[in-house]
Amino acid sequence: MHSTARVRAFSLIEVVIATGLAAGAVLVIIGLLGQQSRQVRDADDQIVAAQLADGIRVELMRLARQQGFDALAAAIPVMSGAADEGLLLVADRAGMGLRPLVPGDPADGGRYFLVEIRRYPGGPLAYVPAGAVLPLAVRVSWPYQPEPGGSTTVAAADRGRFDFALAINR
């Protein structure tokens, strides 16, 4: 006697549901990877912005030797609430090529970070012309111009930013 066992297979509906769940899981993973890569890029930009402090100090010392300490201090405006104000420097995405922002200079892809340098308005951190120290407030924001070679400036409210204090000596 021969026994025949009946094997039950998946129905079409079960296959469609399983395929839909697998596709949904793949889409969620891809979405999370994109978000994670954006967070990694933002963290990298923040690290580069923090590392710009030494380059900014060196550039300010160069300008002080070139123009004179008091002339540099006079060229740096006192803090106000306006964005993109002060002594402006730019750097590329790697934090290299830190240089003064020259109006009308064609964008060459090296304007990812914008550095705004201002003097304190009053109090113990206000600049005293006879003093030996120039205390400054520095704001680094990014992306200033996100596209290499582009001339589109990103609004200040849409940029990441890193603020710190810096002082240079005579």
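The values are calculated or read from the model by the stated rules, or taken from the named source; none is laboratory data. As the structure is a computational prediction, the values presented were derived from the model and not from experiment. Positions of Cβ are generated from backbone atoms using ideal geometry, with glycine treated the same way; all protein chains shown enter the neighbour counts.
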Leading residue by the ranking (nearest to Leu101 (Cα to Cα)) among those in the range 113-169 that are among the aromatic types (Phe, Trp, Tyr) and assigned to a loop (DSSP other than H, G, I, E, B): Tyr144
Residues of the range 117-154 satisfying the condition of being exposed (fewer than 12 other Cβ atoms within 10 Å of the Cβ) and either at pLDDT below 85 or at positive phi (or both): Gly122, Gly123, Ala130, Gly149, Ser151, Thr152
Residues (at pLDDT 75 or above and closer than 15 Å to Val154 by Cβ) located in the range 93-114: Arg93, Leu101, Arg111, Tyr112, Phe113, Leu114
In the range 49-100, the residues that are within 17 Å of Tyr120 (Cα to Cα), of a type outside the set (Val, Ile, Thr) and outside any helix (DSSP H, G or I): Pro77, Met79, Ser80, Gly81, Ala82, Ala83, Asp84, Glu85, Gly86, Leu87, Leu88
